Amino acid sequence: MTFDRSIKIAPSILAADFAAFGAECEAVEGQGADWVHVDVMDGHFVPNITFGPQMCRALRPHIRGTMDVHLMIAPVDAYIDAFATAGADIITTHLEAGPHVHRTLQAVRAAGCKAGLALNPGTGIDALGHLLDDVDLVCVMTVNPGFGGQRFIQSQLAKIQALRAMIGDRPIHIEVDGGVDAVTAPLVARAGADVLVAGSAVFKGGSVADPTPYGTNIRAIRAAAEGARTAT
Ligand code: DX5
Ligand code: ZN
């Protein structure tokens, strides 16, 4: 993976047909997705359960590009190798998942993956100042993690802006996750995000049998984000 700050759309398969994940990954990639975002939830760190490393391993052959694995689990360290072996390109853990964040980030890189760090809406960016050499991506949660289809939390825009300033020229992606659609995409792009996770806004109206709405949705989100950048 080479680093650049172009807008990347990462559909979250949380909004896909759970009985057809492999085909759904192929469908969104075929319709222009840049990355595929895979949400892992444990019913402990977040009040919902999805799936684990075996599902990621099963999905790997169905994803040609970047598999972006978002771990909403605590504790997390003991599972990092399993997700790396399953084929994750990026493993994003939560700053709130445990007391030894630096160790966690090191473990992700040691396992051969890019290290992402996600922040819940109530978490500030101050602690990141000491971790900038250890992260490849910071994920700003713009909803409280656990469920798709929630409303975008506007107060996170100032956080994205401050994070963008803190990162400067470092090769660190800013990912935004939750409530991203063609209306909120320009706001996050203008604030400094380059990776836009979108679940419901990508999968709405389409299916494996008729995936063309996925493409329409992805293009609409991308155009809105890119338009906001050129306007500034
Ligand atoms: C929320 C997940 C998100 C979610 C986004 O806990 O991390 O990736 O699926 O879904 P939408 O785009 O529907 O808010
Ligand atoms: Zn996510």
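The values are calculated or read from the model by the stated rules, or taken from the named source; none is laboratory data. Computed from a prediction, not measured in an experiment: that's the story for all the values here. Quick reminder, even Gly has a Cβ in these numbers, built from the backbone with ideal geometry, and neighbours come from all protein chains shown.
Go through the stretch 79-112 and give me each residue that's in contact with a Cys (Cβ under 7 Å, 6 or more places away or on another chain) and of a type in the set (Val, Ile, Thr).
Listed by number, the residues that qualify are Ile90, Ile91, Thr92.
Among the strands (runs of 3 or more DSSP E) confined wholly to the stretch 77-179, which include 3 or more residues that are under 24 Å from Phe51 (Cα atoms) and of a type in the set (Gly, Ala, Ser)?
Counting at least 3 such residues, we get 114-119.
Taking Ala74, is it at pLDDT 95 or above, out of contact with any helix residue (DSSP H, G or I) (no Cβ under 9 Å at 6 or more places or on another chain), small (Gly, Ala, Ser) and closer than 24 Å to Leu131 by Cα?
So Ala74 fails the test.
Among what's in the stretch 9-24 and is part of a helix (DSSP H, G or I) and in contact (Cβ under 8 Å) with a residue 24 or more places away in the chain, pick the residue that is nearest to ligand 2 (Cβ to nearest atom).
Checking each candidate, the answer is Leu14.
Can you name the number of the only condition in (1) outside any loop (DSSP other than H, G, I, E, B); (2) touching a residue at least 24 places away in the same chain (Cβ under 8 Å) that Ser6 fails?
The single condition Ser6 does not satisfy is (1).
Restricted to the stretch 89-102, and to residues that are more than 15 Å from ligand 1 (Cβ to nearest atom) and surrounded by 18 or more Cβ atoms within 10 Å (Cβ to Cβ), which residue is farthest from Val135 (Cα to Cα)?
Among them, the one singled out is Asp89.
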